[in-house]
Amino acid sequence: MSQDKKVGIGIIGAGNIAQNCHIPSYLKQEDVELVAICDINEARAKEAAERFGFKHYYVDFNDMLKLKEIDAVSVCTWNNAHAAAAIAAANAGKDILCEKPMAMNVEQAEAMIKAARENNVIFMMGFTNRYRADSKLLKEYIDNGRLGDIYFARAGWLRRRGTPLGWFTDAEKSGGGPLIDIGVHVIDLTWYFMGKPKPVSVVASTYAKFGDYKTKGVDRWVALDHDNPVYNTEDAAAGFIKFDNGASLSFEVSWAINGKDTGIYSQIFGTKAGANLDPLTIYGEEDDYLVDKYPTFSKENNFDNEIRHFLDCVKSGEEPISPAEDGLAVQKMLNGIYASAQAGKEILL
């Protein structure tokens, strides 16, 4: 694609992540044309089209994908529709930015990759935390060898009471609870810092202790559809992943727990130095003394960075920083965690 041409964008799914993250970031780019938006709720699709300036709106993404003006799409649906939407987009020759998690299971993820390869389209995962300013700086430190051989890491995100309202707690739509919602972020990001070693086994537990709690005075992410709540997912998960290079990753995630809110955390331990993501800290040694460093970086919007990178890949044809193959690897870890928790034993991946 010519560098001067505007990229025609279609949005599949007009919920919160589309309206609050993807679309505002697209609107900041000068080389974008918002062509069409689709949602199973026609009134929502129409309202979003009028609000953001899309030329068209649809209820069926198959109809929307027939538009020649669309070069690329963001898939922002419920998790259970990621595969169908992405495969249809690939078959229509559209480049794809897919929200996390990639799919509901490994088989769907593999089918998505197959469709993208057969149609020679860009497929980028929406692993947005890779595009944070602190993440980019830490990855540069790691790639330059400043941490040495990374052999262990810890990752997590604990909320005291922060279960989202809406489809997130309905396993038929989401595929799981906090593990597949926020755990996907911390597991992916930390695995990325570790150099993306091949996962070989996992042992894990999941817990469903709180469900539809009635705690007052707490903030919750509210989906646009939240009138008929279903609570059949876990609200916490923890486990241990081993990789083929001998490294390992410990993780813990929860929507609701009787403990301190942690926010996202990622701790990396290498032979030369270690690191903590937030606040970004490097734990090293100089002249035989322990030294802590706090790198300075500019504030950036990770969704703006993600969208800009996607557009650059669409124009250049280069592989994204977060390719579909990484989505598949993370999907294997997620589904392995659920399988281990159900079986009550270590699972080979």
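Taking the C-alpha atoms only, the angle from helix 324-343 to the longest principal axis of the chain is near 60 degrees. The angle between the Cα long axis of helix 133-143 and the main principal axis of the chain comes to about 60°, on a 0 to 90 degree scale. Using a cutoff of 8 angstrom between alpha carbon atoms and counting only pairs six or more residues apart, the relative contact order for the chain works out to 21 percent.
Each of ASN120 and PHE152 was given a label point 7 Å from its Cα along the Cα-to-Cβ line. The distance between the two points is 4.9 nm.
Entry comment: accessible area of the chain is 45 Å² per residue, from protein heavy atoms only and a probe of 1.4 Å. Panel note: the C-alpha atoms of the chain, placed on their principal axes, show extents of 62, 48, 39 Å (largest first). For the chain, the carbon plus sulfur part of the accessible surface works out to 48%, probe radius 1.4 Å.
Going by the alpha-carbon gyration tensor, a ≥ b ≥ c the square roots of its eigenvalues, is segment 93-243 rounded (a/c under 1.5) or, if a/c is not under 1.5, prolate (a/b greater than b/c) versus oblate? Before the final figure, lay out each step's value.
Values: a/c = 1.82, a/b = 1.29, b/c = 1.41.
Judged from the Cα gyration tensor, segment 93-243 comes out oblate (a/c at least 1.5, b/c at or above a/b).
Quick check: from the Cα gyration tensor, does segment 277-349 come out rounded (a/c under 1.5), prolate or oblate? Verdict is oblate for segment 277-349. Just to confirm the number: angle between the C-alpha axis of helix 184-193 and the first principal axis of the chain, 0 to 90 degrees, nearest 10? Long axis of 184-193 versus the principal axis of the chain: about 60 degrees. With the convex hull of the Cα atoms taken as the outline of segment 126-167, the averaged projected area works out to 5.0 nm². Of the residues MET64, MET124, MET112, the one that moves most in a GNM of the chain with alpha-carbon contacts below 10 Å is MET64. In the chain, helices alone account for a calculated mean residue ellipticity at 222 nm of -8500 deg cm²/dmol, with every DSSP H run of four or more residues adding -39,500 (n - 2.57). The GluC sites (Glu not before Pro) of segment 273-349 that DSSP puts in a loop, and whose beta carbon has at most 14 other beta carbons within 10 Å, are GLU300, GLU318, GLU346. Extending 7 Å from Cα along the Cβ direction at LYS66 and again at PHE297 yields two label points whose distance is 4.5 nm.
When only Cα pairs below 8 angstrom with a gap of at least 6 residues are kept, segment 268-345 shows a relative contact order of 12 percent. Note on ALA133 and VAL222: their simple-model spin labels are 3.1 nm apart, each label 7 Å out from Cα toward Cβ. Loop-located trypsin sites (Lys or Arg not before Pro) across segment 271-349 with a Cβ neighbour count of 15 or fewer within 10 Å are LYS272, LYS299, LYS345, with loop assigned by DSSP. Normalising the average separation of contacting C-alpha pairs (under 8 angstrom, six or more residues apart) by the number of residues puts the relative contact order of segment 125-279 at 41 percent. Could you work out the local net charge near PHE127, counting Lys and Arg as +1, Asp and Glu as -1, over the other residues with Cβ closer than 10 Å to its Cβ? Cβ neighbours under 10 Å give a net charge of -2.
The values are calculated or read from the model by the stated rules, or taken from the named source; none is laboratory data. Bear in mind the structure is a predicted one, so any value in this text is a computation, not a measurement. All Cβ positions, even for glycine, are placed from backbone atoms using ideal geometry, and neighbour counts span all protein chains on display. Just the protein is used for accessible areas: all its heavy atoms, side chains included, with ligands, DNA and RNA removed. Shrake-Rupley method; radii C 1.70, N 1.55, O 1.52, S 1.80 Å.
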